[in-house]
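Report on one structure; see the data block that follows.
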Amino acid sequence: MLNYPDIDPVIFSIGFLKIRWYGLMYVLGFVCSWLLARARAEKDWSILKPAQVDDLIFYCMIGVIVGGRLGYVLFCGFGCRLPDPLYLVRSAGGGLSFHGGLMGVIAALWWYARKIGVSVLDLGDFVAPLAPLGLFFGRVGNFINGELWGKPTDMPWGFRVNGEVLHPSMLYEALLEGLVLF
């Protein structure tokens, strides 16, 4: 059994501005995806030119963040939305959903494919290898935040959290959805 290191989710603060590990993980995921997409766009078979990658990543970033927040509010935080209509745009309480982020990216891909005149399926094929990078970093961010723990376990790699030994499901996902899928 391992003890959860209880990492401070805030890297540093400057006045009221707090830079969080989870946000840094998103930035790393977007930057790595952008770099890989630029390299893929250089290939002869690519449907995108390298200059188009910048816009593609920007639209996908918007899709992940807006879709992720909308998905969280609709699927997970619906009860908070009713008494507090500004909950949707309030970031202090956190909350992004994979399902919503996926739907946001699909919408962004559909819109961008129409804009540049390519098949959305072909664009999806181009983007598919980029997703595991974001999934990896996002799940590492979940570990740092101490969220998304699995079921109780007696396995030696279980983490003691609040007196209970739990599977580090977010690390399993980082490994399998991130590195293995990549």
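The values are calculated or read from the model by the stated rules, or taken from the named source; none is laboratory data. As the structure is a computational prediction, the values presented were derived from the model and not from experiment. Here the Cβ is made from the backbone with ideal geometry for all residues, glycine too, and neighbour counts use every protein chain on show. With ligands, DNA and RNA removed, areas are computed over all heavy atoms of the protein, side chains included. Shrake-Rupley method; radii C 1.70, N 1.55, O 1.52, S 1.80 Å.
The one condition from (1) within 21 Å of the chain's Cα centre (by Cα); (2) open to solvent by less than 50 Å² (accessible area, probe 1.4 Å) that Gln52 does not meet is (1).
Looking across the range 1-48, just one residue is aliphatic (A, V, I, L, M), open to solvent by less than 60 Å² (accessible area, probe 1.4 Å), assigned to a loop (DSSP other than H, G, I, E, B) and modelled with pLDDT under 95, and that is Ile7. Within the range 1-26, the set of residues being touching a Lys or Arg at 6+ places or on another chain (Cβ under 6 Å) and polar (S, T, N, Q) comprises Asn3 only.
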